[in-house]
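Trainee: Let me begin by handing over the structure; questions about it come next.
Bear in mind that the values in this text are calculations on the coordinates, not laboratory data. Predicted, not measured: the structure shown is a model, and the values here were computed from it. Note that each Cβ is placed from the backbone with ideal geometry, even for glycine, and that neighbours are counted across all protein chains shown.
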């Protein structure tokens, strides 16, 4: 059985778990997935199923592939409510929010310089970044100011608190990457 679906982040709230714990949760709106084709090892070199995903808000249709050995009939729709149940663990993959060009204090949590003794312009500066004459350069990969965010992030082993098939919602405990109603999230059953 296919163990991956696509969803959009609706928003966050908080709820009680069955054990009585108050936790932050994220609501994920599951998008309808219709099978449009198959990829076979003989013809394509790998096996997968192609899906057409209908985004109900923006009226866009997105084509995606899910690698699997399973066969599904073209035109059939994925019954996601049979795959995911409350209590299951899932991995959610998405693109994190973009923060633009960020300094080292925001990007890497540097402490910054002293706030007193005449240091008026060194509060959020990175400080020294090179060594002396040997090697006489800054090493590659040194943590510096630069572009932050818009990275592909996977949050693993998120627990499903509730599944609401009539509303097409999956409620997971914790937060997922990305902005609300912005981009596709991949929800995969944790193995």
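Trainee: Can you compute the FRET efficiency between residue 58 and residue 131 using 1/(1 + (r/R0)^6), with r the Cβ-Cβ distance and R0 = 41 Å? Round to the nearest 0.05.
Mentor: The calculated FRET efficiency here is 0.20.
Trainee: Over the chain, what is the mean sequence separation of C-alpha contacts under 8 Å (at least six apart), divided by residue count, expressed as relative contact order in percent?
Mentor: Details: 401 pairs, mean separation 58.0, N = 191.
Relative contact order comes out at 30 percent.
Trainee: Next question. Residue 86 versus residue 175, label points 7 Å from Cα toward the beta carbon: distance in nm?
Mentor: Result for the modelled spin labels: 2.6 nm.
Trainee: I've got another one for you. How many angstrom lie between the C-alpha centres of segment 79-124 and segment 131-191?
Mentor: Value for the Cα centre distance between the two parts: 9 Å.
Trainee: Build a GNM of the chain with springs between Cα atoms under 10 Å: which of 84, 101, 51 gets the top mean-square fluctuation?
Mentor: Fluctuation is largest for 101.
Trainee: By the gyration tensor of its Cα atoms, with a ≥ b ≥ c the square roots of the eigenvalues, what is the shape of the chain: rounded for a/c under 1.5, prolate for a/b over b/c, or oblate?
Mentor: prolate
Trainee: Could I ask something else about it? Order of 170-182, 139-151 by packing, highest average Cβ count within 10 Å first?
Mentor: For the peptides 170-182, 139-151, the packing ranking is 170-182, 139-151.
Trainee: What does DSSP give for the chain in terms of the percent of beta bridges that are antiparallel, rounded to the nearest 5?
Mentor: The answer is about 100 percent antiparallel.
Trainee: May I ask you to derive the relative contact order of segment 1-93, considering only C-alpha pairs under 8 Å and at least 6 residues apart, and to give it as an integer percent?
Mentor: Numbers: 149 pairs, mean separation 22.3, N = 93.
Across segment 1-93, relative contact order equals 24 percent.
Trainee: Here's another thing I want to ask about it. Go ahead and estimate [θ] at 222 nm for the chain from helices alone: -39,500 (n - 2.57) per DSSP H run with n ≥ 4, summed, over the residue count, rounded to 500.
Mentor: Using -39500 (n - 2.57) per qualifying helix, the result is -1000 deg cm²/dmol.
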